[in-house]
Structures are given as C-alpha cells and as structure tokens.
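Visitor: Before I ask anything, let me first share the structure, which is written out below as structure tokens.
Just so you know, all these numbers are worked out from the coordinates, no wet-lab data involved. Values in this document were obtained by computation on a predicted structure and should not be read as measured data. Note that we place each Cβ from the backbone using ideal geometry, even for glycine, and neighbour counts take in every protein chain shown.
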Amino acid sequence: MPIYPNIGGQSEKYLAAQLKAIKSGARAAPLMAGQLDALSEADLDNLAAHFAGQPAVVGQAQDEALALGAQIYRGGIARKGVAACTACHSPTGAGNSLAGFPSLSGQTVDYTVAQLTAYREATRTTDENFGGVMRSIAGGLTDGEIKAVANYVHGLH
C-alpha cells in the first residue's frame with residue numbers, strides 16, 4: 001500500500017524509537033492507533049528487531065522530475081538553505097543506523113511525500129533529538145520538490 005512505510009530492513013534503533021513515539025503519542029500515526037497499547041517496551045524492541053531483519057524493498061523511480069530529485073538528494077538547494085539528504089541518509093539511501101537516521105531507499109513515494117509534508121507543516125516532530133533538522137529542511141521544499149525527492153528515493157539503492 002503506497003501510504004504505508006516499507007519497514008523491512010530499516011534500522012532497528014530507528015524502528016524502536018518510532019514505535020515508542022507512536023505508542024506514547026509523541027508521533028501521530030492514526031493507522032496504528034491502539035495496535036501498540038498492550039505492548040511492553042521489550043515487545044516494541046522485539047518488533048523493531050524482527051522488522052530490521054526483514055529484506056528491504058527496492059523501488060523503481062519514475063523519469064518525471066528524477067533529475068531534480070537527484071540534485072536535491074545529493075546536493076541540496078544552497079540558495080534556500082536546504083541541506084543534501086546524503087549527509088544523514090547516505091548516498092545509497094541506507095541511512096545511518098548508529099545515529100538513528102532511517103533508510104530511505106525503496107520507500108514509497110506517497111509515504112515519503114506525506115512524511116516530508118508533515119515535517120514541513122510541523123505536524124511531525126520526531127526530529128527533536130536532532131535539533132529539528134527535518135522540519136528545517138522540509139520547510140524549504142515546495143510540494144514539487146518534495147515529490148521529486150520522494151520519487152528519487154523510491155528508486156534509490
């Protein structure tokens with residue numbers, strides 16, 4: 001389903017943090033409402049470990065705005081103060097598991113658009129421990145730029 005994230009192969013540290021944020025209400029995820037309520041912290045850690053051990057999904061980017069998405073992902077937009085995505089998420093989109101930065105490779109376009117838009121609109125704030133970096137970056141992106149980056153990372157591997 002395009003609106004759901006691909007979590008197989010995602011960093012265990014990242015998944016555990018997101019599951020705990022969803023359970024506590026710090027991250028709004030209406031589709032997950034109630035599903036984590038009865039789970040302990042150890043259960044959430046076990047879920048994170050399970051999904052981290054699953055194979056990652058590889059997507060196929062569309063040609064539309066691919067060059068723009070690649071430019072933003074690799075080099076950012078200096079005139080707007082938008083940093084390159086590669087700084088935290090790596091050139092291959094693998095993320096940085098030790099730092100807690102998620103893999104973006106193969107993520108669905110619709111999900112990535114929704115998350116970047118939520119960061120831009122400050123309705124997603126799970127970047128607090130990182131100084132609000134995602135809100136700052138997404139705040140400098142237009143809808144078209146967000147869609148271009150989302151398309152690019154969908155095919156990134």
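Visitor: Here are ASP45, ASP37: which of them is surrounded by 16 or more Cβ atoms within 10 Å (Cβ to Cβ), among the acidic types (Asp, Glu) and over 24 Å from HIS157 (Cα atoms)? Talk me through it step by step, then tell me what you get.
Guide: Numbers: ASP37 fails: surrounded by 16 or more Cβ atoms within 10 Å (Cβ to Cβ).
From the options ASP45, ASP37, the qualifying one is ASP45.
Visitor: Kindly provide the set of residues from the stretch 71-86 that are out of contact with any Gly (no Cβ under 8 Å at 6 or more places or on another chain) and aliphatic (A, V, I, L, M), ordered by number.
Guide: The answer is ILE72, ALA78.
Visitor: Just checking, how many residues over the stretch 7-45 are in a loop (DSSP other than H, G, I, E, B) and over 18 Å from THR117 (Cα atoms)?
Guide: Just the residues of the stretch 7-45 that are in a loop (DSSP other than H, G, I, E, B), to begin with: 7-11, 25-29, 33-40.
Still in the list and also over 18 Å from THR117 (Cα atoms): 7-11, 25, 33-40.
Adding up the residues that qualify gives 14.
Visitor: Is the stretch 107-119 home to any residue that is farther than 23 Å from MET1 by Cβ, without any contact (Cβ under 8 Å) to a residue 24 or more places away in the chain and under 15 Å from the mean Cα position of the chain (by Cα)?
Guide: Quick first cut of the stretch 107-119, residues farther than 23 Å from MET1 by Cβ only: none.
No, the stretch 107-119 contains no residue that is farther than 23 Å from MET1 by Cβ, without any contact (Cβ under 8 Å) to a residue 24 or more places away in the chain and under 15 Å from the mean Cα position of the chain (by Cα).
Visitor: Specify the residue that is farthest from ALA122 (Cα to Cα); the eligible residues are those in the stretch 21-34 that are surrounded by fewer than 17 Cβ atoms within 10 Å (Cβ to Cβ) and touching a residue at least 24 places away in the same chain (Cβ under 8 Å). If you could, list the steps in order and put the result at the bottom.
Guide: Initial filter on the stretch 21-34 (surrounded by fewer than 17 Cβ atoms within 10 Å (Cβ to Cβ)): 24-26, 28-34.
Filter once more, so that each one left must be touching a residue at least 24 places away in the same chain (Cβ under 8 Å): 26, 28, 31.
Details: ALA26: 13, ALA28: 12, LEU31: 19 Å.
Across the stretch 21-34, the extreme among qualifying residues is LEU31.
Visitor: Of the residues GLY106, GLY131, GLY69, which is crowded, with 16+ Cβ neighbours inside 10 Å and within 20 Å of LYS13 (Cα to Cα)? Show your work before the answer.
Guide: On the way: GLY131 fails: crowded, with 16+ Cβ neighbours inside 10 Å; GLY69 fails: within 20 Å of LYS13 (Cα to Cα).
Step by step, each of GLY106, GLY131, GLY69 is checked, and only GLY106 is crowded, with 16+ Cβ neighbours inside 10 Å and within 20 Å of LYS13 (Cα to Cα).
Visitor: I'd like the full set of residues that are among the β-branched types (Val, Ile, Thr) and under 14 Å from the mean Cα position of the chain (by Cα), limited to the stretch 1-54.
Guide: At the first step, the residues of the stretch 1-54 found to be among the β-branched types (Val, Ile, Thr) are 3, 7, 22.
Across the stretch 1-54, the qualifying residues are ILE3, ILE7.
Visitor: Sticking with this one: Within the stretch 45-61, is there a residue that is over 17 Å from ASN129 (Cβ atoms), charged (D, E, K, R) and touching a helix residue (DSSP H, G or I) at 6+ places or on another chain (Cβ under 6 Å)?
Guide: Yes: one or more hits.
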